[in-house]
1. Test of understanding: among 136, 103, which residue is surrounded by 10 or more Cβ atoms within 10 Å (Cβ to Cβ), farther than 30 Å from residue 9 by Cα and aliphatic (A, V, I, L, M)?
2. Select, from 89, 94, 116, 104, the only residue that is under 28 Å from residue 17 (Cα atoms), modelled with pLDDT under 95 and not in a helix (DSSP H, G or I).
Amino acid sequence: MSSAVLYLAIVAVWAIVLVPMWLRRDTETTGISRLLHKRPDEDEAEETLPEEAPEPRPRRRVTRAAVIARRRRRTAGLTALVLTAVAVAASGVAPWWVVPPPAALLAGHLALLRVAVGMDAARRRAAAKARAAARARALEARRAAEAAEPAEVIDLITPDEVFDQYADDRRAVGE
């Protein structure tokens, strides 16, 4: 076996793991790590360290479109990895056993996507059911309000004088 397979594996790991990691900026980078990278001298870095690290920014809310795009990129990357492994094995550069690991990764990813699709469908059904129940309750409340008889206004007659049981000239019955 030649060293070409080893170099190919190193380039593949570099392309799949390290390049996206370098391209994606870490949003939670603190001033401490920037200072340490700028000045490798430990004495200078210790003197210029800030006393408090700034608060990390809150994470962005992950949207459904971003999740779907991430799933598509991962599927495309794993498919390309499987095709590359098959091509390398078919050309005789690598043995046949380099094909099953990427194929297993792709199969596992597709199985997870199948579960995710089922969960998404269940979530959509539950949301539709909740919306239908809310519409039914609102319709029932509107029908009940329309069907209710109007309230009868009763005119209360108030006496001219208020009864006070403790007044001296009047006592409660039985005294």
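1. Only one candidate qualifies: 136.
2. 94
The values are calculated or read from the model by the stated rules, or taken from the named source; none is laboratory data. Nothing here was measured: the structure is a model prediction, and the numbers come from that model. Here the Cβ is made from the backbone with ideal geometry for all residues, glycine too, and neighbour counts use every protein chain on show.
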